[in-house]
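Structure first, then comments.
The values are calculated or read from the model by the stated rules, or taken from the named source; none is laboratory data. Because the structure is a prediction, the values reported are computed rather than measured. Quick reminder, even Gly has a Cβ in these numbers, built from the backbone with ideal geometry, and neighbours come from all protein chains shown. These accessible areas exclude ligands, DNA and RNA; they are computed on the full protein's heavy atoms, side chains included. Shrake-Rupley method; radii C 1.70, N 1.55, O 1.52, S 1.80 Å.
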Amino acid sequence: MGGFATVLLVIGINIVLAVSLTVVNGFTGQFSMGHGGFMAVGGYVAAMIVYYGSLRLWGSANFAGGFLSSASGDGAWLAGGDVLFVVACLAAGLAAAGAGYLVGLPSLRLKGDYLAIVTLGFGEIVRVVLQGTAPQIARSKADVVRETPVWKLATHLGGAQGFNLLPTYATLFWIYFAAVLTLIVVYRLKMSSSGRAFLSIREDEIASQAMGVNVTKYKVRAFVLSSFFAGVAGGLYAMYLGAINATDLGFQRSFEVIIMVVLGGMGSISGATLAAILLSILPEVLRAPPPVWPAGLALLVVMVIIQKVGISFGLTRGPADGIVLNIAISMRSLRRSWKFKPLVIVAGVTMALETARLVCLQQQIDIAQYRMVLYALMLIIMMIVRPEGLFGVREFWDYLPRRRAHSPSGPVAEASA
Amino acid sequence: MTQLLQTLVDGLTVGSLYALIALGYTMVYGILRFINFAHSDIFALGTHMTITIAAVLGVKAADAAVPAWYIGPAVLVLSMLSCGALGFVIERLAYRPLRNAPRLNVLITAIGVSLFLQNVGQLPMFFGPYPRAIPKLTPDVVLGTLADVNFRLVDAAVIGTAVMLMLALQYLVHSTRLGLAMRAVSFSHRNAALMGINVDRVISITFVIGSMLAAAAGFLYAVRYEGQAKQTADAMWVMLGLKAFVAAVVGGIGNLRGAMLGGLIIGLIEFFGVGYLSSNYRDAYVFAILIVVLLFKPEGILGRATMEKV
């Protein structure tokens, strides 16, 4: 596993972050630049609870085992660590949500870029304050931790060195549990009346106000929910890394998440998920690019199959009145004409990338050096060529042939489709 | 008294740097309504161009000798010209294709340009991945002493150059036909176009002027912090840029005088906070002021409140 597992964990955390930011930036169309800050709030709260909590409870900050995490470690089932970890993550989410409420309530009354600027400022203040905290109490000093009152422990957060040597409870299971939970909550939210209110605010704030939507209330609601999941993601991040440092959670971190949301398409949950996956993998892939042609070929084959054989995807009402994605493969009549343009684009891009890779290998050019330059260039080109993002305001299944969807994703496109 | 005066001098010097950078942010925001995140990187490149051009003109950081008096201004002009050209190219290639795109896209593009500039600057063919030392461009002359505080030539040069550039900008914007066109475009692109103004050209010129001011700030930064070593992808540049942006917002975004006033206020607050409260929270003071100003006077100190049109 090794490196691959690490990338998988990072992807999971990034999905939680990107999907939660979609609620604010994508659904309500507000612009928050403080996601890193909320992540830091959550991460430090979770780190504090887990670290000092295990020192108080068990006298050591070692891995205390528990449900599922104990597969490789020792300790009883559901006895220790994981319960503490889950409680810590919930507390992290609540703390971040509280911070979101405090920041959101005054600033969401203002219009335009002010939320962006205030959240940016908030994120930086959180970073600076966390960096100014007292040093962490060492792992060996469990008795000192026991004697120190809780409010005093909250000031010992490691300062500029960061909060280190945390037990790593955030396994693949927990991270993807959180990711799936976030996806379900946000998806159901989008379908709910609150979600429709969010979308209406994005489309036209004044019109939705005229229709009786309490704009500030719904904006704050979206913001608090988004901060909650950012806090949970912060907790997961701290417990996956075994350390947390506010320096890594400044505005650069917020930018990364914003880029995922915009690249996926404003308000597209599947788009944000896909962008989170791609952007987590991309920097790793650019370190030593693998051959591109197998993936390109596979994509071509899939596209031909979808066009010629016909796979229909659709959303139908399931038994529990939920929406179920069903996939049916059927031979489609061959009357349908070829759509060559997407095929040519995929083939062309694959060939260009493969040629570039081979030339670099031949000329002994170290691509890793140009990694960030390429990343930035791709971002700029993507924004110019496809400003609406990967999926626009829709979800990916809206693009598949013969759908029977009734999703409120698109504003106007849906009505005509 | 000594500490008060020293803080005042430092705050005004750094504040005038913030003011110069803030002008670039506020001009772009006034015309295109987006936060140009790449501006702080132009500022960083201004410092790096200063180092490179000084080296080409024969001034190395290792030399102890003070260069001739004309070297400084020559470096200033050359680095302003090169960064102005860079600003033109960035606007033409990255921002112009997005003129009618949603503002968020332009913002992401700006972040992309910022990342691009930082990392291209790190490449060995440009400034390289290692920190480079800033050479000495002004002599160590003490102009006057008051209560044990030395007023050095460096401070006078920084404040003087900044004030001169700001006066030139004031003249340009308020007393020339080009300035009239810029104000018209910032009022309304459509109306300006109908009055026969070439909107694209005016926007280009705005970017060039903003970038030149950022380059000048980069030069003045090099003058003030001589002997320090910096690399292009240092978070410090972005932080300085952000503070300058805060200055623009505090002063009233879109308002040139506001940006100048905001720069000085932010510089003074930062140094008084560091001097009299605690240096740990250096960055927090600036952002705290930002939030306070936004809560009580969201349009900024000199900005005018705008009505949302239905």
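Let's see how each residue does on (1) among the aliphatic types (A, V, I, L, M); (2) buried (at least 22 other Cβ atoms within 10 Å of the Cβ); (3) free of Cβ contacts under 8 Å to residues at least 24 places away in the same chain:
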| position | (1), (2), (3) |
| --- | --- |
| B:Gly30 | no, no, no |
| B:Ala55 | yes, no, no |
| B:Gly58 | no, no, yes |
| B:Leu76 | yes, yes, no |
| B:Leu93 | yes, no, yes |
- Note on the structure: A:Lys190 fails exactly one of (1) free of Cβ contacts under 8 Å to residues at least 24 places away in the same chain; (2) over 30 Å from A:Leu130 (Cα atoms), namely (1)
- Task: Could you grab me the full set of residues in segment A:344-378 that are of a type in the set (S, T, N, Q) and either open to solvent by less than 80 Å² (accessible area, probe 1.4 Å) or part of a helix (DSSP H, G or I) (or both)?
- Result: A:Thr350, A:Thr355, A:Gln362, A:Gln369
- Identity of the residue in segment A:379-398, in a helix (DSSP H, G or I) and within 8 Å of chain B (Cβ to nearest Cβ), that ends up nearest to the chain's Cα centre (by Cα): A:Leu379
- (1) part of a helix (DSSP H, G or I); (2) more than 9 Å from chain A (Cβ to nearest Cβ); (3) of a type outside the set (Asp, Glu); (4) within 30 Å of A:Met260 (Cβ to Cβ): which one isn't true of B:Phe126, the others all being true? (1)
- Message: Can you pull out every residue in segment A:157-177 that is assigned to a helix (DSSP H, G or I) and touching a Leu at 6+ places or on another chain (Cβ under 6 Å)?
- Response: A:Phe173, A:Ile175
- Message: When you check B:Leu12 against the structure, is it farther than 14 Å from B:Leu240 by Cα and within 14 Å of chain A (Cβ to nearest Cβ), yes or no?
- Response: no
- Message: Just to confirm my filter: which helices (runs of 4 or more DSSP H) fall fully inside segment A:106-153 and include at least 1 residues that are surrounded by fewer than 19 Cβ atoms within 10 Å (Cβ to Cβ) and more than 7 Å from every other protein chain (Cβ to nearest Cβ)?
- Response: A:142-147, A:150-153
- Over segment B:95-106, the set of residues more than 7 Å from every other protein chain (Cβ to nearest Cβ) and open to solvent by less than 10 Å² (accessible area, probe 1.4 Å) is B:Tyr95
- Query: Within the set of pairs 6+ apart or on separate chains, which have a first residue in segment A:242-266 that is more than 8 Å from chain B (Cβ to nearest Cβ), a second that is of a type in the set (Phe, Trp, Tyr) and assigned to a loop (DSSP other than H, G, I, E, B), and C-beta atoms under 8 Å apart?
  - Reply: A:Gly264/A:Phe391; A:Gly265/A:Phe391
- Task: Output the residues belonging to segment B:203-247 that are within 14 Å of chain A (Cβ to nearest Cβ) and under 21 Å from B:Leu137 (Cβ atoms).
- Result: B:Gln231, B:Thr232, B:Asp234, B:Met236, B:Trp237, B:Leu240
- Task: Run A:Gln363 past the list (1) within 12 Å of another protein chain (Cβ to nearest Cβ); (2) more than 25 Å from A:Ala298 (Cβ to Cβ) and report the number of the one that doesn't hold.
- Result: (1)
- Message: Return the residues of segment A:212-226 that are of a type in the set (Lys, Arg) and open to solvent by 40 Å² or more (accessible area, probe 1.4 Å); say none if nothing qualifies.
- Response: A:Lys217, A:Arg221
